[in-house]
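The values are calculated or read from the model by the stated rules, or taken from the named source; none is laboratory data. The model shown is predicted, which means the values in this text are computed figures rather than measured ones. Virtual Cβ from ideal backbone geometry, glycine too; neighbours counted across all protein chains shown.
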Amino acid sequence: MIPSDPSRLPPQRAAVLAFLRAELAAGRAPSLAEIADAFGFSSRNAAQKHVQALVADGLLEQVPGQKRGLRLPGSAAADLLPLPVLGRVAAGTPISAEGVARLGAVGEGGESLWLDRRLFSPKPDYLLRVQGDSMIGDGILDGDLVGVHRTPEARDGQTVVARVDGELTIKRLQRGKRAIRLLPRNPAHAPIEVEPGQDFAIEGVYCGLVRKG
């Protein structure tokens, strides 16, 4: 069987797959009860439906008759990528960029997740938790974890994590002849106009997200 593309999974199922791959790569095979508890499912049936769908898609393998019979197919373990959660990024009013100023201290004192590298393009260096609703038109919601590829350069039209006057925000980049604008994807929010000489830097480009169920 040719496995399905994980990037096309529904967000909750993708999160279940990422959780299972991280647990299995660490040598732990979660039971249905443990999966249900990890995602707040009301019963094991919801966890079982996700597992069965992932097995049917070729993204997991299950040993018949074993309570903890899940395993990674082929070289799936090699596709896991450890990513630190470094803080928050505003999708609305910008928030302090203190956490991003310490990007050299990747993962120190914070959460780290093992995620399928195929969920992202390009490869991310870290995750930030979204706060706000200014990017809902691009499917980026409050509470999502966004992957960020660290780079000071970005093309016109890319979604970026930018620092403006010491504060951090995620927006679409628009490069004009005279100025830079950071565009929201929600009409309830106004664009951010970056004036010449204003403190501004691109911290990285958006490369995918994870949404926990």
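Criterion applied to L209, L173 was being buried (at least 18 other Cβ atoms within 10 Å of the Cβ), outside any loop (DSSP other than H, G, I, E, B) and at pLDDT below 95, and the one residue passing it is L209. Whenever a residue of the stretch 194-213 is of a type in the set (K, R), its partners that are buried (at least 16 other Cβ atoms within 10 Å of the Cβ) and at pLDDT below 90, lying with C-beta atoms within less than 7 angstrom and at least six residues away or across chains, give the pairs R211/A15; K212/A15.
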